[in-house]
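Novice: First the structure, which I've put down as structure tokens, then a few questions once you've had a look.
Since every read-out is calculated from the coordinates, none of them should be taken as a lab result. No experiment lies behind these values; they were computed from the predicted model shown. Positions of Cβ are backbone-derived with ideal geometry, glycine not excepted, and every protein chain shown enters the neighbour counts.
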Amino acid sequence: MTADAGLRTYSFLGPAGTFTEAALAQVPEARGQRWRPVRNVGEALADVVDGRSDAAMIAIENSVDGGVSTAQDALATVPGLRIVGEYLVPVEFVLVGRRGSTLADVSLISAHPVAYAQCLQWLTATLPAHAHIPAASNVASAVGLIDGSSDADAAIAPPGILEHHDVELLASGIGDNAKAMTRFFLVSRTVAPPPPTGADKTSLIVELPDDHPGALLEMLEQFATRGINLSLLASRPIGDEIGRYRFVIDADGHIQDERMADALLGLRRFSPRVTFLGSYPRADRQVVHYPDRYSDDVFVEARDWLRGILSGEPGV
């Protein structure tokens, strides 16, 4: 139960104006509800687990910088969570300073490390002598200029910062990749997966049983032999010893698809630990197509054939 009776609470990386808030704005059921800004992914997920929030929006992957390791590791280690939605947000950046400042005044820049990496080419060409101070979020970098908590001369922030805070726009469009996107997950406590839409993904975390030649191939074969495409395969260290990894997987399809259910059963037999994170509609709503030999009817017919053999049905 959340604090406000009748209202649902959603946690997001704050303060107002972040890309995470922009992702949460895409959730129809979150509109008009209580939005709770937090300082990091761990706090957002703890809100969900402990019941302070009904769901949390977290960044999971960037098209330029890759996977968000803190989010991937949190999903792997925090029990009782389920992904219920996927959202995409275009990534644009501006450089802002205190009122009255100019680009010529800038030598020290505050920026979230991911944002900094995505603007490095522009910064190197425009401000080659600059130095970088890491910030907790894309908005916190600019807030520090205003409240005096940051020694930086300027901050990299989303364009929405101009709507929420009194800052000077020093440069716009400073990102190195105009097509950059960040992918977000809406995460709730464990619930039954929503019905399949035909345009779905399933997210998993899988550990290999041991380190031997072909172990990774054996895991991937659970998907390949059932015609399932993987849109994400990332390794993360388990942390208990050198050389031990878990794999973060996004697979095209839904757990209620016969081929996906069959693959998960295969993974469960193969791996000492399979964490089902969720089946949810794809953000791009692209329908998943696959060959007829992997249709649900083929899997059902094959099971019926085997049952017929075991029961001694004539003609089987």
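Novice: Kindly work out what percent of the DSSP beta bridges joining two residues of region 1-157 are antiparallel, to the nearest 5.
Specialist: Roughly 30 percent of the DSSP beta bridges within region 1-157 come out antiparallel.
Novice: Which ³J(HN,Hα) values, rounded to whole Hz and listed in residue order, are derived for region 72-89 from phi using the Karplus coefficients 6.51, -1.76 and 1.60 in 6.51 cos²θ - 1.76 cosθ + 1.60 with θ = phi - 60°, glycine and proline given as x?
Specialist: For region 72-89, the Karplus-derived couplings read 4, 5, 5, 5, 6, 10, 9, x, x, 10, 9, 6, 10, x, 10, 9, 10, 10 Hz, x marking Gly and Pro.
Novice: Here's a follow-up. Hey, can you grab everything whose amide H is under 5 Å from the amide H of R98? Only 5+ residues off in sequence or another chain; H modelled, so Pro and N-termini drop out.
Specialist: E168
Novice: Quick one: work out the % antiparallel among DSSP beta bridges in the chain, nearest 5.
Specialist: Of the beta bridges lying entirely in the chain, close to 75 percent run antiparallel.
Novice: What is the packing order of peptides 8-20, 231-243, taking the mean over residues of other C-beta atoms within 10 Å and listing the highest first?
Specialist: Highest-to-lowest ranking by the protection proxy: 8-20, 231-243.
Novice: Largest first, please: the extent of the C-alpha atoms of region 107-251 along each principal axis, to the nearest Å.
Specialist: Rounded to whole Å, the extents work out to 56, 39, 29 Å.
Novice: Residue by residue through region 43-58, what is 3J(HN,Hα) from phi via Karplus (6.51 cos²θ - 1.76 cosθ + 1.60, θ = phi - 60°)? Round to whole Hz and write x for glycine and proline.
Specialist: 5, 4, 6, 5, 4, 5, 4, 8, x, 6, 10, 7, 7, 9, 9, 10
Novice: Send over the per residue convex hull volume for region 11-64, Cα only, as a whole number of Å³.
Specialist: 83 Å³
Novice: Next question. Taking the convex hull of the alpha carbon atoms in region 73-156, what volume per residue do you get, in Å³?
Specialist: With only Cα atoms used, region 73-156 gives 135 Å³ per residue.
Novice: Run the numbers for A129 and A16: contour at 0.36 nm per residue of separation, minus the present Cα-Cα distance, in nm.
Specialist: Stretched fully, the A129-A16 segment lengthens by 37.6 nm.
Novice: Roughly speaking, what is the stretch gain from V298 to R285, that is 0.36 nm per residue apart minus the C-alpha to C-alpha distance, in nm to one decimal?
Specialist: 2.2 nm
Novice: Go through region 140-151 residue by residue and turn each phi into a ³J(HN,Hα) via Karplus (6.51, -1.76, 1.60, θ = phi - 60°); whole Hz please, and just put x for glycine and proline.
Specialist: With the stated coefficients, region 140-151 comes to 4, 4, 7, 4, x, 5, 6, 8, x, 7, 10, 8 Hz.
Novice: On a 0 to 90° scale, report how tilted helix 215-224 is relative to the longest principal axis of the chain, with both axes built from alpha carbons and the result rounded to the nearest 10.
Specialist: It is inclined by approximately 80 degrees.
Novice: Would you calculate, for the chain, the mean residue ellipticity at 222 nm contributed by helices, counting each DSSP H stretch of 4 or more residues as -39,500 (n - 2.57) and dividing by all residues, to the nearest 500?
Specialist: Computed mean residue ellipticity for the chain: -8000 deg cm²/dmol.
Novice: Now for a separate question. Give me the Å³ per residue figure for the convex hull around the C-alpha atoms of the chain.
Specialist: In the chain, the Cα convex hull volume per residue is 174 Å³.
Novice: log10 I(q)/I(0), Debye, Cα-only region 8-142, no solvent, q = 0.11, 0.13, 0.17, 0.18 Å⁻¹?
Specialist: Calculated log10 I(q)/I(0) at the listed q: -0.45, -0.61, -0.95, -1.03.
Novice: Hey, in the GNM for the chain with a 10 angstrom Cα cutoff, which one of P291, P193, P79 fluctuates hardest?
Specialist: Looking only at P291, P193, P79, the largest GNM fluctuation is found for P291.
Novice: For the Cα atoms of the chain, what angle does the longest principal axis make with the long axis of helix 296-311, in degrees from 0 to 90, nearest 10?
Specialist: So the inclination is approximately 30 degrees.
Novice: Under 12 Å from the 7 Å Cα→Cβ point of I238, by amide nitrogen: which residues of region 262-303?
Specialist: Zone members listed by number: 271-274.
Novice: While we're looking at this one, here's another question. Which of rounded, prolate, oblate describes region 204-261, given a ≥ b ≥ c as roots of the alpha-carbon gyration tensor eigenvalues and a/c under 1.5 marking rounded, otherwise prolate only if a/b is larger than b/c?
Specialist: Here region 204-261 falls in the prolate category.
Novice: So, by mean Cβ neighbours within 10 angstrom, what's the order for 293-304, 219-230 with the highest one leading?
Specialist: Result, highest mean first: 219-230, 293-304.
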